[in-house]
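S.K.: There's a structure below that I have some questions on.
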Amino acid sequence: MSEQKTNQEMPIFRLQKLYIKDLSFENPGAPEIFLAHGQEPKVDFNLQLNNQKIDDDNWEVSIAITAKVMDKNTDETVMF
């Protein structure tokens with residue numbers, strides 16, 4: 001049975017294109033947020049993977065990354 005698997009052709013995976021579809025950075029509290037030294041921030045990080053078949057040979061794979069850094073003491077003050 002292992003011979004059967006090794007004789008079969010393995011699919012070829014190739015990264016064809018790499019691009020940024022959307023990029024945004026907001027820093028609403030600058031520069032004041034950087035004046036508070038020694039405070040450890042609260043960080044929320046979200047990673048989402050999606051895929052979509054384009055045709056028989058091509059797929060689009062998207063990675064959405066969202067990070068939010070807040071003042072650990074208030075949870076309301078968004079740092080960036």
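Computed from the coordinates by the stated procedures, all read-outs in this text should not be read as laboratory data. Everything numeric in this text was worked out from a predicted model, so none of it was measured. A quick note on method: Cβ atoms are made from the backbone with ideal geometry, for glycine too, and the neighbour counts reach across all protein chains shown.
S.K.: Take PHE34 and LYS21, extend 7 Å from each Cα along the Cα→Cβ direction, and tell me the distance between the two endpoints in nm.
M.R.: Modelled inter-label distance: 3.2 nm.
S.K.: Sticking with this structure for a sec: I'd like the distance separating the alpha-carbon centroids of the stretch 21-52 and the stretch 55-80, in whole Å.
M.R.: Centre-to-centre (Cα) distance: 8 Å.
S.K.: Quick one, what does Rg over Rh come out to for the stretch 15-70 if you take C-alpha atoms and the Kirkwood Rh?
M.R.: On the way: Rg = 17.4 Å, Rh = 14.7 Å.
Here the Rg-to-Rh quotient is 1.18.
S.K.: Got a sec? How would ASP71, ASP57 order by Cβ neighbour count within 10 Å, fewest to most?
M.R.: On the way: ASP71 17, ASP57 9.
Ascending Cβ contact count within 10 Å gives the list ASP57, ASP71.
S.K.: Set Lys and Arg Cβ to +1 and Asp and Glu Cβ to -1, take the dipole of the chain about its Cα centre, and tell me which of LEU18, GLN48, LEU35 lies farthest positive.
M.R.: Value: LEU18.
S.K.: For the stretch 15-70, what relative contact order do you get, as a whole percent, if you take Cα pairs closer than 8 Å and at least 6 residues apart? If you can, show how the numbers build up before the last one.
M.R.: Details: 43 pairs, mean separation 17.2, N = 56.
Once normalised by length, the contact order is 31 percent.
S.K.: Here's a follow-up. Where in the chain lies the longest segment free of trypsin sites (Lys or Arg not before Pro) that are both loop residues by DSSP (not H, G, I, E, B) and have at most 16 other Cβ atoms within 10 Å? Numbers along the way, then the final one.
M.R.: Numbers: sites that count: ARG14, LYS17, LYS21, LYS72.
Within the chain, the longest run free of exposed trypsin sites (Lys or Arg not before Pro) spans 22-71.
S.K.: Right, here's the next one. In the chain, how many lysine pairs have Cα atoms under 19 Å apart, counting only pairs 8 or more places apart or on different chains? Numbers along the way, then the final one.
M.R.: Numbers: LYS17/LYS53; LYS21/LYS53; LYS42/LYS68; LYS42/LYS72.
Final tally of qualifying lysine pairs is 4.
S.K.: Can you give the longest stretch of the chain with no exposed loop site, where a site means GluC sites (Glu not before Pro) in a DSSP loop (not H, G, I, E or B) with at most 11 other C-beta atoms within 10 Å? Please list the in-between numbers first.
M.R.: On the way: sites that count: GLU9, GLU26, GLU76.
Formally, the longest exposed-site-free interval is 27-75.
S.K.: As an exercise, use a Förster radius of 22 Å and the Cβ-Cβ distance of PHE13 and ASN46 to find the FRET efficiency, rounded to the nearest 0.05.
M.R.: 0.25
S.K.: Quick one: dipole size for the chain, taken about the Cα centre, charges +1 on Lys/Arg Cβ and -1 on Asp/Glu Cβ, in debye to the nearest 20.
M.R.: Numbers: 8 positive and 14 negative charges, 34 e Å.
For this selection, approximately 160 debye.
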